[in-house]
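Written below as structure tokens is the structure these notes are about.
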Amino acid sequence: MTDTIFPDTALEEGVFKKEGVEFNISPSHDLETLAELGKDADALLVVYAKISAELIHKLNNCKVIVKAGIGYNNIDVKAASEKGIIVANVPDYCQDEVADHTFGMFLALARKICHLDSQVAKGTWDANQGKDAPRLRGKKFGLLGCGAIGQQVALRARAFGLDVVGYDPYSSSELLSKHHIDKIDDLEEFLHDVDYLSLHLPLTEETRHIIDKSSLEKMKESALIINTSRGGLVQENDLYAALIEKRVAGAALDVLEFEPPRSAPELSSLSNVIITPHTAFLSQDSVSELRTKASQEVAKTINHGTPKNRVN
């Protein structure tokens, strides 16, 4: 295990002991340490450590690299593939949590809950500060990316009377219609039409900064943007400028391009922005599920040759 954010490794150790796999955790995730400890390892279990091509080339015996999470952009998948190393992730452990967090942030932003709460805390009791909150029913809620989490968000949006539309070149109209999502095939048309935009994409070279000055200029001035996927999807300086210039109405972000930020993000100074510290995936149940499933992917590959959720 290259690194961890968890208080112990008891869950991982339990899985590996049961499966007959020797387990060690690295005391550091710098390149030199991981290269030394990992050179003869059959597998790496990764949380946030950077698994670069340079490190991968030093792995003499590795059969699988498992990311304890959904996004695997901290792993050089191309380099792993070239070396014949399987890369796997855990895509199915926190769908409800992320969907709940997404819609909770959206409601807080649309209804100005966080701003109004902060005003009351400062001694200001002024209901008029909430008078321009939009009525949600009948508005268009847009999903940029319509996978499993996007589909769960759609379920919540429809419960509030929102019309759900989606842009996803990898999903068919037939599939999305089963989840009551109307597919829009043109990205520019999609951005122009939606009242609210929720991002549910992996971070790839194709999607990096998909929300930038150009895309923001295509959106309604009343639009709200919610991102619980990956910070690199949004060009934050362009978003800040659009908010200052009132070219979009607000943003709710659970992720930033660089985490943790060195200081309070510039975006956090704006009253029409909500930021949480990459916590959408967390709940009392999701973390144990993640850790168990990630460890099982390692053991399954070592003992049976293939994981459940291979990404390369």
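Can you tell me which of 149, 70 is in the same structural domain as residue 48 (by TED's automatic domain parsing) and surrounded by 22 or more Cβ atoms within 10 Å (Cβ to Cβ)? Every option except 70 fails the conditions. Selection of the range 16-47 for residues being part of a loop (DSSP other than H, G, I, E, B), of a type in the set (Gly, Ala, Ser) and at negative phi yields 26, 28, 41. Taken over the range 239-277, the criterion of being farther than 22 Å from residue 104 by Cβ and touching a strand residue (DSSP E or B) at 6+ places or on another chain (Cβ under 8 Å) is satisfied by 257 alone.
If you filter the range 1-41 down to residues that are polar (S, T, N, Q) and closer than 29 Å to residue 284 by Cβ, you find that the one that is farthest from the chain's Cα centre (by Cα) is 24. Annotation: of all residues in the range 75-113 being of a type in the set (Lys, Arg) and not assigned by TED's automatic domain parsing to the domain that holds residue 153, the one that is farthest from residue 58 (Cα to Cα) is 78. Sub-9 Å Cβ pairs linking a first residue in the range 182-201 that is on the phi > 0 side of the Ramachandran plot and modelled with pLDDT under 95 to a second residue that is in a loop (DSSP other than H, G, I, E, B) and not hydroxyl-bearing (Ser, Thr, Tyr), at least 6 apart or interchain, number zero. Filtered by the rule that a residue be under 23 Å from residue 71 (Cβ atoms) and outside any loop (DSSP other than H, G, I, E, B), the range 158-184 gives 166, 167, 175, 176. Of all the criteria given as (1) among the basic types (Lys, Arg); (2) within 17 Å of residue 112 (Cβ to Cβ); (3) not assigned by TED's automatic domain parsing to the domain that holds residue 111, the one not satisfied by residue 300 is (2).
One residue stands out among those in the range 119-146 that are without any contact (Cβ under 8 Å) to a residue 24 or more places away in the chain and surrounded by 10 or more Cβ atoms within 10 Å (Cβ to Cβ): the one that is farthest from residue 183 (Cα to Cα), which is 124. Might you let me know whether the range 77-84 holds any residue that is in contact with a Lys or Arg (Cβ under 8 Å, 6 or more places away or on another chain) and either outside any helix (DSSP H, G or I) or surrounded by 17 or more Cβ atoms within 10 Å (Cβ to Cβ) (or both)? No, the range 77-84 has no match at all.
Residue 13 passes every criterion in (1) within 15 Å of residue 298 (Cβ to Cβ); (2) loosely packed, with under 15 Cβ neighbours inside 10 Å apart from (2). Scan 251, 264 and give me the residue that is of a type in the set (Gly, Ala, Ser), in contact with a helix residue (DSSP H, G or I) (Cβ under 7 Å, 6 or more places away or on another chain) and not assigned by TED's automatic domain parsing to the domain that holds residue 77. Going through 251, 264 in turn, the sole match is 251. Within the range 48-75, being part of a loop (DSSP other than H, G, I, E, B), closer than 18 Å to residue 205 by Cβ and more than 18 Å from the chain's Cα centre (by Cα) holds for one residue alone: 52.
Within the set 153, 194, the sole residue that is over 15 Å from the mean Cα position of the chain (by Cα), farther than 30 Å from residue 78 by Cα and among the hydrophobic types (A, V, I, L, M, F, W, C) turns out to be 194.
The values are calculated or read from the model by the stated rules, or taken from the named source; none is laboratory data. The model shown is predicted, which means the values in this text are computed figures rather than measured ones. Cβ coordinates were reconstructed from backbone atoms using ideal geometry, including for glycine residues, and neighbour counts include every protein chain displayed.
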